[in-house]
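The structure appears right after this line, and notes come after that.
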Amino acid sequence: MRFSFEVTKTDRSGARRGRLTTPHGAVETPVFLPVGTQAAVKGLTQEALEALGTEILLANTYHLYLRPGHDVVRKLGGLHQFMSWPRSILTDSGGYQVFSLSELRKITDEGVRFRSHLDGTEHLLTPEKVAEIQLALGSDIAMVLDECIETPAPREKAESALKRTTQWARRARAYFQECAQRNGEMHQWQFGIVHGATFADLRRESARQLLDLQFPGYAVGGLAVGEPHDVTCEMTGEATALLPKERPRYLMGVGRPEQIADYVALGIDMMDCVLPTRAARHACLYTSEGRVLIRNARYAQDQRPIDANCSCSVCRRYTRAYLRHLFAAGEITAAILATHHNVHFYLDIMRLIREAIEFGILANFSSVMHARYTAGPA
Ligand SMILES: [Zn+2]
């Protein structure tokens, strides 16, 4: 078996230190996945991502299905070869993008019918089709199609979305296992997604239903979409309490720098978020002292690096004054340098968190981060 996951240490909080292995290498967990929506992390080359120590990244099924098309990617040797990324890749299900980007979507038990946000063409994504697309892309980890709903959602709507998500997960699992029987060894792991909106009992129900399907890993979805942080934590905890300890757990679409350790303490091993890359393009830099909004006039003659405690190549070379100038002048280098620093900062948080778990001091780390991000930079 070329896939494995092992937990090497668990601390008192429930935080886990582990290692996920895919055919494209080992991933030290807890891990943060930079988001490469269209087979590219905006502002970073694959060389830069490798140099930053990225071991796994996320690519979006919805975007790659519409453009350039999964058949094109398959013919070009799969996503790893197409984008020249030798390490691991996780592809999401496209569910969230269909619900947030496309027009005229119609959800039935069969699947979701929608019009492309690119050219208006009509498409139908079913659980089987989404599994087929991700097999063609050849990602290491594939997510099943799920029904994403707006929050806060009324209980009735959360219940029906949960029911449909389980039915779809069952079909996606069956399709995947049929392919495995036909083709022999599979070069992909398929993860299920726990839903249930902000209802604790529905979260538990969703987790229990998915356990029957024996996924090698489980995600928690539909959170961090506007609800308070303590609710996100409570719902995550409801799910992780029931998920198998020996399998990886992935909290989708989180989070802010000061919140990451909270999720890790709930037993989460994997996280992804557009925040470090998107914020960078909007001149928001994350540092060990809090956020730096680099367009601010106070940085016009600031000769310090973005973060004196950061060892990234941007902080070793450039000043805040220069970064501010680049943003003011509209230079694309501004976004490139800011993204480089922010992604380095997130990966560094994960390194520190992994160390903190080893030493049993994760709680200290979390309170320091919350204090700094509440107070803001000096
Ligand atoms: Zn830096």
query = If only one of 336, 260 is at pLDDT 95 or above, crowded, with 20+ Cβ neighbours inside 10 Å and among the aliphatic types (A, V, I, L, M), which one is it?
reply = 260
note = residue 302 passes all but one of the listed conditions (1) within 16 Å of the ligand (Cβ to nearest atom); (2) in contact with a Gly (Cβ under 7 Å, 6 or more places away or on another chain); (3) open to solvent by less than 30 Å² (accessible area, probe 1.4 Å); the exception is number (2)
task = Keeping to the stretch 241-257, report how many residues are at pLDDT 95 or above, within 17 Å of the chain's Cα centre (by Cα), open to solvent by less than 40 Å² (accessible area, probe 1.4 Å) and of a type outside the set (Phe, Trp, Tyr).
result = 7
task = Find the residue count for the stretch 305-330, including only residues that are within 11 Å of the ligand (Cβ to nearest atom), of a type in the set (Ser, Thr, Tyr) and surrounded by 12 or more Cβ atoms within 10 Å (Cβ to Cβ).
result = 2
query = How many residues does the stretch 2-47 contain that are open to solvent by less than 20 Å² (accessible area, probe 1.4 Å) and either of a type in the set (Ser, Thr, Tyr) or not in a strand (DSSP E or B) (or both)?
reply = 10
ask   = Scanning for something within 10 Å of the ligand (Cβ to nearest atom), open to solvent by 20 Å² or more (accessible area, probe 1.4 Å) and either in contact (Cβ under 8 Å) with a residue 12 or more places away in the chain or closer than 28 Å to residue 271 by Cβ (or both), does the stretch 351-373 turn up at least one residue?
value = no
ask   = Can you find even one residue in the stretch 312-331 that is of a type outside the set (A, V, I, L, M, F, W, C), closer than 26 Å to residue 250 by Cα and in contact (Cβ under 8 Å) with a residue 24 or more places away in the chain?
value = no
note = Among the residues of the stretch 335-365, the number that are farther than 16 Å from residue 31 by Cα and either in contact with a Cys (Cβ under 6 Å, 6 or more places away or on another chain) or of a type outside the set (A, V, I, L, M, F, W, C) (or both) is 5
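The values are calculated or read from the model by the stated rules, or taken from the named source; none is laboratory data. Just so you know, these numbers come straight off a predicted model, no measurement behind them. Cβ coordinates were reconstructed from backbone atoms using ideal geometry, including for glycine residues, and neighbour counts include every protein chain displayed. Each accessible area value is taken on the protein alone, full model and side chains, heavy atoms only, with ligands, DNA and RNA left out. Shrake-Rupley method; radii C 1.70, N 1.55, O 1.52, S 1.80 Å.
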